[in-house]
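For reference, the structure is listed below as structure tokens.
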Amino acid sequence: MRPPRPTGGLLLLGLLLAPARASAQDYAPRWDRLERLAAAVEADSIPKQQIEGEARRAVIWAAQRTVRGREARTVARLAIAAGAPFAPPDSLMPLGERFWRAGATRALRSALAADSGDVGAALMLERLFPYPAPWIEPERELAQLRALAARHVALPPELVVAWVGMELERGHPDTAARALDRLGPGDLPDAQRWHLSAQVEFALDDPRATASYYRGAAEIIDPAGAAPYRRDVAWIADSTELASWDSMRTAGGDAAAWLRRFWQRRDLADLRPPGSRLAEHFARYRTALRD
């Protein structure tokens with residue numbers, strides 16, 4: 001199931017802003033200074049508490065008007081700097097964290113509404129709501145990603161991953177394959193890239209899909225590469241199996257052997273031909289996200 005899109009946070013933002021509108025009317029942002037403040041927190045040069053008052057005024061100011069470009073991204077940077085680290089989008093968040101996330105989201109959405117090619121705003125949204133969490137309604141997010149791809153030859157890998165996933169779940173594997181081609185060398189860990197290739201190939205009924213899946217597992221060298229494979233396991237594994245995966249040394253080819261045994265057991269348990277349960281897993285995953 002897809003994590004919910006960010007709606008409640010924006011409603012909360014409106015409620016929080018209501019009594020503060022008058023005090024924000026006289027606020028005049030100094031963008032160079034605000035950028036320096038955000039950069040200082042990002043570099044751990046100053047504590048985030050030192051910018052909270054200024055960041056709150058900037059968020060309130062931006063919420064009362066349309067912001068775009070540099071202004072929107074600066075407001076979002078301030079909100080993220082003041083509120084980070086954030087919990088996962090589908091978890092319960094403290095009131096203050098929800099305010100900062102909502103303020104950043106609103107500013108970045110405003111930037112994209114003004115300029116559909118604002119890669120910086122889209123990338124910040126994607127990092128706030130990593131795929132499969134949406135930052136707007138899935139249909140609109142897919143349209144936004146397509147618009148970005150039409151405007152730019154190269155896209156940040158996070159946006160390409162989201163684009164591929166969105167195309168797959170909406171039933172467009174051919175377009176997903178073309179989106180995958182937009183990844184440059186070294187944009188993703190090898191394990192993650194092979195896993196993404198396998199997803200596209202399974203959707204296309206490409207016979208290379210299973211080999212791509214296990215090749216990626218054999219390339220795992222770090223948690224980033226292991227993450228999509230753990231998600232597959234967590235989707236259907238029992239607690240004992242998941243604990244076994246988490247206790248394993250995933251690098252050095254051990255993960256590929258473990259996964260082969262895992263999916264073979266699923267085939268046998270369901271009386272399926274070899275490899276069919278893995279292919280069905282990806283079909284079910286796409287359906288769950290779409291529905």
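List of remarks:
- For first residues located in the stretch 75-92 and closer than 16 Å to residue 43 by Cα and β-branched (Val, Ile, Thr), partners that are crowded, with 24+ Cβ neighbours inside 10 Å and at pLDDT 95 or above and lie 6+ apart or on another chain with Cβ distances below 6 Å form the pairs 80/104.
- Scanning the stretch 245-291 for residues that are among the basic types (Lys, Arg), under 29 Å from the mean Cα position of the chain (by Cα) and either at positive phi or loosely packed, with under 15 Cβ neighbours inside 10 Å (or both) gives 249, 284, 290.
- Residue match in the stretch 199-206 (condition: in a helix (DSSP H, G or I) and more than 25 Å from residue 138 (Cα to Cα)): no
- In the set (1) on the phi > 0 side of the Ramachandran plot; (2) out of contact with any helix residue (DSSP H, G or I) (no Cβ under 6 Å at 6 or more places or on another chain), the condition left unmet by residue 210 is number (1).
- The residue pairs whose first member lies in the stretch 109-120 and is in contact (Cβ under 8 Å) with a residue 12 or more places away in the chain and assigned to a helix (DSSP H, G or I), whose second member is surrounded by 21 or more Cβ atoms within 10 Å (Cβ to Cβ) and of a type in the set (D, E, K, R), and whose beta carbons are closer than 6 Å, counting only pairs six or more residues apart or on different chains, are 111/118; 112/118; 120/73.
- Breaking point among (1) surrounded by fewer than 18 Cβ atoms within 10 Å (Cβ to Cβ); (2) more than 19 Å from residue 156 (Cβ to Cβ); (3) free of Cβ contacts under 8 Å to residues at least 60 places away in the same chain, for residue 186: (2)
- Taking the criterion of being over 22 Å from residue 283 (Cβ atoms) and either touching a residue at least 24 places away in the same chain (Cβ under 8 Å) or buried (at least 19 other Cβ atoms within 10 Å of the Cβ) (or both), the residues of the stretch 224-244 that qualify are 224, 225, 226.
- Some residue of the stretch 165-179 being of a type in the set (Ser, Thr, Tyr), part of a helix (DSSP H, G or I) and free of Cβ contacts under 8 Å to residues at least 12 places away in the same chain: yes
- When the stretch 121-151 is filtered for residues that are over 16 Å from residue 79 (Cβ atoms), in a helix (DSSP H, G or I) and small (Gly, Ala, Ser), the ones remaining, listed by number, are 122, 143, 147, 149, 150.
- Any hit, the stretch 69-82, residues being hydroxyl-bearing (Ser, Thr, Tyr), surrounded by 12 or more Cβ atoms within 10 Å (Cβ to Cβ) and at pLDDT 90 or above: yes
- Where helices (runs of 4 or more DSSP H) fall wholly inside the stretch 218-291, the ranges with 2 or more residues that are farther than 20 Å from residue 192 by Cβ are 239-247, 254-269, 276-290.
- Any hit, the stretch 87-106, residues being hydroxyl-bearing (Ser, Thr, Tyr) and surrounded by fewer than 19 Cβ atoms within 10 Å (Cβ to Cβ): yes
- So residue 210, is it surrounded by fewer than 22 Cβ atoms within 10 Å (Cβ to Cβ), in a helix (DSSP H, G or I), free of Cβ contacts under 8 Å to residues at least 12 places away in the same chain and among the polar types (S, T, N, Q): no
The values are calculated or read from the model by the stated rules, or taken from the named source; none is laboratory data. Keep in mind that this is a model prediction, so the values were computed, not measured. Here Cβ is always computed from backbone atoms with ideal geometry, including for glycine, and neighbour counts include all displayed protein chains.
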